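Beneath this line is the structure, given in structure tokens, with notes to follow.
The values are calculated or read from the model by the stated rules, or taken from the named source; none is laboratory data. These numbers were taken from a predicted model, which means no experiment stands behind them. Here the Cβ is made from the backbone with ideal geometry for all residues, glycine too, and neighbour counts use every protein chain on show. For accessibility, only protein heavy atoms count, side chains too; no ligands or nucleic acids. Shrake-Rupley method; radii C 1.70, N 1.55, O 1.52, S 1.80 Å.
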Amino acid sequence: MSEIDNFPALAEEQFHPIDETALLSPQHKEHAPRILLLYGSLRERSYSRFATEEAARILRRFGAETRIFNPEGLPLPDGAPKDHPKVVELRELALWSEGMVWCSPERHGAMSGVMKSQIDWLPLSMGGVRPTQGRTLAVMQVNGGSQSFNAVNQLRILGRWMRMVTIPNQSSVPKAFNEFDEAGRMRPSPFYNRIVDVMEELVKFTLLVRDRADYLVDRYSERVESAEAVAERVNQRSI
């Protein structure tokens, strides 16, 4: 090995070769993909809720199991203890899920506060279990005016921060008040077709990722940190 190929900073025992079997031939889960859907409005006639409900119907048609979280009554982040019933409900649903759909209205050029509050209540870690890491994510938004992508772009940033596998496709519905009938069902249109596209892609990615999620998110840096923590505990006991 040449000098340039030496790795003095590398923790060799925690540097693992790529396991192709874990990637290409994982144990296959047989149950329906579990998708949690979040929407970002408390209005009685909420177009983000209508779009979310439409997405859930399509997901079920593709064979997924869906649950929709109702954000009404969810306190502001840090405005209540984490054992608040709505916080517990949201976190349990996140742990249940294998993929998520986030759908927000665009307000003042950004996602809504209701949407952000739900995401903020989902920590990166809960007692050693990560409620979002390795899960798939589809992002959608509804607009009161012309088409925009501000909210979905922000949701993508949050998805990356939450260590989620955010699918390439997305949906943005302009002038949403024209796209839903009085019963809240979406009318046939290219915007409806796009939501079908997004949900189809989400199910495909979820089926690909969920069997491999634990391996995909296994990180060298975290293995090193865990090894150091174990060594520290052992050393303390030997003193």
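Which condition number in (1) closer than 28 Å to MET126 by Cα; (2) free of Cβ contacts under 8 Å to residues at least 40 places away in the same chain is the one that GLU13 fails?
For GLU13, the failing item is (2).
Can you name the residue in region 170-197 that is within 15 Å of SER104 (Cα to Cα) and not aromatic (Phe, Trp, Tyr) and, of all such residues, is surrounded by the fewest Cβ atoms within 10 Å (Cβ to Cβ)?
The residue in question is LYS175.
Taking only pairs six or more apart or across chains, which ones have beta-carbon atoms under 7 Å, a first residue in region 181-198 that is under 18 Å from GLN147 (Cα atoms), and a second residue that is open to solvent by less than 60 Å² (accessible area, probe 1.4 Å) and among the hydroxyl-bearing types (Ser, Thr, Tyr)?
ARG194/SER171; ILE195/SER171; VAL198/SER171
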